[in-house]
1. Is it true that some residue in region 572-587 is surrounded by 17 or more Cβ atoms within 10 Å (Cβ to Cβ), charged (D, E, K, R) and out of contact with any Asp or Glu (no Cβ under 7 Å at 6 or more places or on another chain)?
2. So residue 445 clears everything in (1) crowded, with 16+ Cβ neighbours inside 10 Å; (2) closer than 30 Å to residue 644 by Cβ; (3) hydrophobic (A, V, I, L, M, F, W, C) except one condition, right? Which one?
3. Tell me whether region 596-617 contains one or more residues that are touching a Phe, Trp or Tyr at 6+ places or on another chain (Cβ under 8 Å), in a helix (DSSP H, G or I), within 20 Å of residue 524 (Cα to Cα) and at pLDDT 95 or above.
4. Failed condition for residue 281, given (1) over 26 Å from residue 228 (Cβ atoms); (2) assigned to a helix (DSSP H, G or I); (3) of a type outside the set (A, V, I, L, M), with all others met?
5. Among the residues of region 210-223, what is the count of those that are surrounded by 15 or more Cβ atoms within 10 Å (Cβ to Cβ) and either in a loop (DSSP other than H, G, I, E, B) or assigned by TED's automatic domain parsing to the domain that holds residue 265 (or both)?
6. Specify the residue that is farthest from residue 203 (Cα to Cα); the eligible residues are those in region 224-243 that are surrounded by fewer than 17 Cβ atoms within 10 Å (Cβ to Cβ) and modelled with pLDDT of 95 or more.
7. Quick check on my filter: what residues within region 374-387 are buried (at least 16 other Cβ atoms within 10 Å of the Cβ) and either under 20 Å from residue 679 (Cβ atoms) or outside the structural domain of residue 405 (by TED's automatic domain parsing) (or both)?
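The values are calculated or read from the model by the stated rules, or taken from the named source; none is laboratory data. Since this is a predicted model, take the numbers as computed values, not measurements. Don't worry about glycine lacking a Cβ; one is built from the backbone with ideal geometry, like all the others, and counts go over all protein chains shown.
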Amino acid sequence: MKRVRVNYSSPTFVIGLCLTGLLGLGAIAHRNQLLPLSQTSGQIESPADIDSEVLALVELSPAERRDRLEAIAADQRNPLDQSRARYLLGMDHLVAEDGAAALAAFENLERDYPALTPHILIKRGRAYELMNNPEQAQVIWFDVVQNYPEDAAAAEALFRLSAYDPKYADQAIAEYPAHPRSQTLIQERLTENPRQQNLLELRLKYDADAPDIAQVRRNLIDNFGDQLSPETWQAIADSFWNQWQYTDAAQAYQNAPRTPQNLYRLARSFQVSDQPNQARPAYQALIQAFPDAPETGLGLRRLASLVPDSEAIAYLDQVIERFPEEAPNALFAKADLLEKAGNGTAANQTRELALQNHRDHQATSDYRWQQAERQAAAGNYRQAIEWAEAIATLTPDHPEAAKSVFWTAKWQQQLNQARAAKQTFEKALKNYPESYYAWRSAVQLGWDVGDFDTVRTLQPQLNLPDTRPVPPAGSETFQELYRLGQDFDAWNTLQLELASTENLTVPEAFTQGLLKLAQGRYLQAINGIWNLSQRDEPGDRQAWLQLRESDGYWHALFPFPYAEAIQRWSAEHDLNPLLVVSLMRQESRFERNIESPVGAKGLMQVMPSTGEWIAQQTTGNTYALDDPEDNIKLGTWYLRYTHQEYNDNAMLAIASYNAGPGNVAQWLERYGLNDPDVFVEQIPFNETRGYVESVFANYWNYERIYNPKLRNKLAAL
């Protein structure tokens, strides 16, 4: 079975049809009234050429937008906006179950709005259903199936027809298995009879990130294990791997096709799940079967960590000789082993080889940063600067590059090199504008962006987008549905369009992320969009660099949901709303129902005991931590409280929010607060140190993305 490497989900939006009756459709089908897509001309222009008032109304409620939509629908000066307004009015009427009004809105709309013709027909059929005319609804849906077989609307039509005749469910599953409606039909059949191998495999293939996919995997393994193809075993193994379930992944990869990636993942799964006796022969099998595969170089390095030092050096030497991409890591690992064995001279020579022959490799700059920190700790700032400057120069994309530039400037200050420090801070701002260290550099340069002790009370001007961006991938139909806020139909359309795609391109993956944001699946969306930056294929890298030049990319990576509630409760508790949204992004990725392993709940991860205590301090005793309004209210109250405890020092307040006041008190006593940047670096908990930097990196990005004043200042650099 060919595995589709796309994370699919199947939101189970079920529209009850609650109608009975069956009618032969062919005899009364009025196909001459339908306009096949192949016979229409596209109407969607470039958004830059359209002044669309409708798109700015998409996020409003039906009641809030009705009057304006009706006015636009009656105005013929902008035909596209007129069609959009009619479509949204029709959809709002369907939600209100007013079939007659919906039918009027959709009347002949397909002739003026060809991009959505089959979807208009689907909605017209639904309007007839609401008017107790299921026969006419079925006629329309049948014609959609006949005339638009390449459109996702055909699967929607079959789903609706299946309420009247189950044969249409068979057709939907057979012809459109990736469509979420077909997946709903599959789930219904599996509920009746869970032991249907072909349907389970379709769920695994096309619905791999569904909440119940673990049950699907277990059903396949337990009931059909000896009948599964190697390709299905790989799909199962990859599913375990992607969910970090390495013990199960190892078992499944043993039955998957013997490819370099699968053999590497088998060995690595054994290693990560603490089974070294199984990992060693698995790595050796990879090396023997595919001696020249790229995965083998990494496999040799992993194997070196599982054997005695003398054997490890031999494996590392193979890497150094045969795998240039892995050689720098192998050289530094070998040097550490030589140092451990007491051969310091050989260790230094080995490191020097890496520095000379692999100057622009990440591993080499990892070593440079270690040396820079060591020299700075000893007060040797000139040597520290020398090591650090090479990082951004030779490896500008290194994870520590922004940090190295910032600390170079700080060390220049220690040497009373004020002019050089200013130039270096400006370099951090210009070259790494999205980093935490860009914000710290802006503070050092005297920019009015808030420091640790002033950021709490700032009230920046915000410019939030009022329309959705144009997705960089997907059909014209999908893009129009998405921009109109028709997320259910847009998702179904995109899923079908990407069904045969084995590896999503950067534009496709970003487009999928946009839609997940619209659905409220913020965790998957944000992480998926961020992961685009980690792709290392040249084409992917170039596509990502191009994508990040757009405002839409940054709005998606740093979204601003619950904006009204955040701004209202921030004002109530004298907080900077950008600090609140930044903490929320870090705590929950805006997932309202998320719960931590220790029981913290909701958007701002409030512990139940803390919520109860806060409620006792305020007038409201009735609350629900999974309710966004309540969670934001309680979370902002507590964030204000932590600020008050630390004299409005936001860094200490944020650290306390994560690690608790007791730990922060100990760190203050141990390290002092003479230099807050040094204090952050000295936080002994990796999690809390990373948390503080992440929250304030979020803050800086929200500031530079949504504050037009700062945007203009950065653009002038």
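1. Checked against the condition, which is being surrounded by 17 or more Cβ atoms within 10 Å (Cβ to Cβ), charged (D, E, K, R) and out of contact with any Asp or Glu (no Cβ under 7 Å at 6 or more places or on another chain), region 572-587 yields at least one hit.
2. Unmet for residue 445, out of (1) crowded, with 16+ Cβ neighbours inside 10 Å; (2) closer than 30 Å to residue 644 by Cβ; (3) hydrophobic (A, V, I, L, M, F, W, C): (1).
3. no
4. Here residue 281 meets the rest and fails (1).
5. Here the count works out to 1.
6. If we filter region 224-243 for residues that are surrounded by fewer than 17 Cβ atoms within 10 Å (Cβ to Cβ), which is where we start, we get 224-227, 229-231, 242-243.
So of that shortlist, the ones also modelled with pLDDT of 95 or more come out as 224-227, 229-231.
Working: 224: 15, 225: 16, 226: 19, 227: 17, 229: 15, 230: 17, 231: 14 Å.
Looking at residues that are surrounded by fewer than 17 Cβ atoms within 10 Å (Cβ to Cβ) and modelled with pLDDT of 95 or more, I get 226.
7. Residues of region 374-387 that are buried (at least 16 other Cβ atoms within 10 Å of the Cβ), as a first pass: 375-376, 381, 383-385, 387.
Answer for region 374-387, where residues must be buried (at least 16 other Cβ atoms within 10 Å of the Cβ) and either under 20 Å from residue 679 (Cβ atoms) or outside the structural domain of residue 405 (by TED's automatic domain parsing) (or both): 376, 381, 384.
Quick grid of which residues meet (1) among the polar types (S, T, N, Q); (2) free of Cβ contacts under 8 Å to residues at least 60 places away in the same chain; (3) not assigned by TED's automatic domain parsing to the domain that holds residue 501:
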site	(1), (2), (3)
208	no, no, yes
245	yes, yes, yes
251	yes, yes, yes
277	yes, yes, yes
290	no, yes, yes
295	no, yes, yes
303	no, yes, yes
309	no, yes, yes
316	no, yes, yes
